[in-house]
Ligand SMILES: O=C(O)CCC(=O)C(=O)O
């Protein structure tokens, strides 16, 4: 990360890079989507959240798995890479980064939108509750194809307690954004992340973002690493009904087996992360 990239991120609340991972890695990741969403998990473990399964769920919805790194070694290799961790740490101004959650996201042609939200409103169970996210495109993306959209500068509007009533396929996916802008007295300046496959975007945990329906004939896939500072702990009182299952009694430690540290200034990486 150059000083200019860091200051662009601080000003806009996001940073778009047209090229981030190479074509061999892209192809390997693409090949994992079909088996994962059928429930073929190569580590033998279920992900923490599995919002769409072939044959079970509505085909018009965006497909999502959370913590795909736990069920798939190919996903783990990119999500837990030092490159992603270092970039997020530098943008966040942290001494190191750890993974709090990942998303494997698949928007086939014709699927519906995802409501506008701030990621930080979903991690109040972490202390401090601040994400930097690396969103990696596995297909060429476009506004008409339902790519992720950011409201420039919205990370400075403050943390709202508003979340879309329906994260998947709300009637009006930008309704929460308009309300947040009204409350902040701010103008909305939207930017669609249009990058070739392998490009990426980093966003601040308070940046309002969402994505429209995929109106094109091509699918749109992404993997997303939500990082927090390596120094983060569980919040002493706020609970997540999914992620607080990993909290030990009488300790606020976020165990590295479940929330691995992927990069620190001292060169440390948790033993569980792929080292080659
Ligand atoms: O890719 C999308 O449509 C939404 C992604 C998202 O919500 C995120 O990266 O936090």
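The values are calculated or read from the model by the stated rules, or taken from the named source; none is laboratory data. What you are looking at is a predicted structure, and each value in this text was computed from that prediction instead of being measured. Counting neighbours? That spans all protein chains shown, and the Cβs are built from the backbone with ideal geometry, glycine included.
Kindly provide the set of residues from the stretch 42-54 that are in contact with a strand residue (DSSP E or B) (Cβ under 6 Å, 6 or more places away or on another chain) and outside any strand (DSSP E or B), ordered by number.
Just the residues of the stretch 42-54 that are in contact with a strand residue (DSSP E or B) (Cβ under 6 Å, 6 or more places away or on another chain), to begin with: 47-52.
Correct list: 47, 48, 51, 52.
Just to check your reading of the model, which residue among 110, 13 is in contact (Cβ under 8 Å) with a residue 60 or more places away in the chain and in contact with a helix residue (DSSP H, G or I) (Cβ under 7 Å, 6 or more places away or on another chain)? Write out each step before concluding.
Details: 110 fails: in contact with a helix residue (DSSP H, G or I) (Cβ under 7 Å, 6 or more places away or on another chain).
After applying the criteria, what remains is 13.
Take residue 52 and decide whether it is at pLDDT below 95, over 24 Å from residue 196 (Cα atoms) and under 19 Å from the mean Cα position of the chain (by Cα). Walk me through it before giving the result.
Details: at pLDDT below 95: yes; over 24 Å from residue 196 (Cα atoms): yes; under 19 Å from the mean Cα position of the chain (by Cα): yes.
Taking the combined requirement at face value, the residue satisfies it.
Residues of the stretch 30-41 being touching a strand residue (DSSP E or B) at 6+ places or on another chain (Cβ under 6 Å) and closer than 19 Å to residue 200 by Cβ, which ones?
Passing the criteria: only 33.
Go through the stretch 55-72 and count every residue that is away from the ligand (no atom under 16 Å from the Cβ), part of a loop (DSSP other than H, G, I, E, B) and surrounded by 13 or more Cβ atoms within 10 Å (Cβ to Cβ). Write out each step before concluding.
Residues of the stretch 55-72 away from the ligand (no atom under 16 Å from the Cβ): 55-59, 70-72.
Applying the additional criterion that residues be part of a loop (DSSP other than H, G, I, E, B) yields 55-59, 71-72.
Then keep just the ones that are surrounded by 13 or more Cβ atoms within 10 Å (Cβ to Cβ); that gives 57, 71-72.
Here the count works out to 3.
Conditions (1) within 25 Å of residue 110 (Cβ to Cβ); (2) touching a helix residue (DSSP H, G or I) at 6+ places or on another chain (Cβ under 7 Å); (3) crowded, with 16+ Cβ neighbours inside 10 Å, marked per residue:
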site: 175; (1), (2), (3): yes, no, yes
site: 181; (1), (2), (3): no, no, yes
site: 191; (1), (2), (3): yes, no, yes
site: 195; (1), (2), (3): yes, no, yes
site: 199; (1), (2), (3): yes, no, yes
site: 203; (1), (2), (3): no, no, yes
site: 206; (1), (2), (3): no, yes, yes
site: 209; (1), (2), (3): yes, no, yes
site: 214; (1), (2), (3): yes, no, yes
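For the structure I just gave you, tell me whether residue 239 is surrounded by fewer than 19 Cβ atoms within 10 Å (Cβ to Cβ), under 20 Å from residue 174 (Cα atoms) and in contact (Cβ under 8 Å) with a residue 12 or more places away in the chain.
Numbers: surrounded by fewer than 19 Cβ atoms within 10 Å (Cβ to Cβ): yes; under 20 Å from residue 174 (Cα atoms): no; in contact (Cβ under 8 Å) with a residue 12 or more places away in the chain: yes.
Judged against the criteria, residue 239 is not a match.
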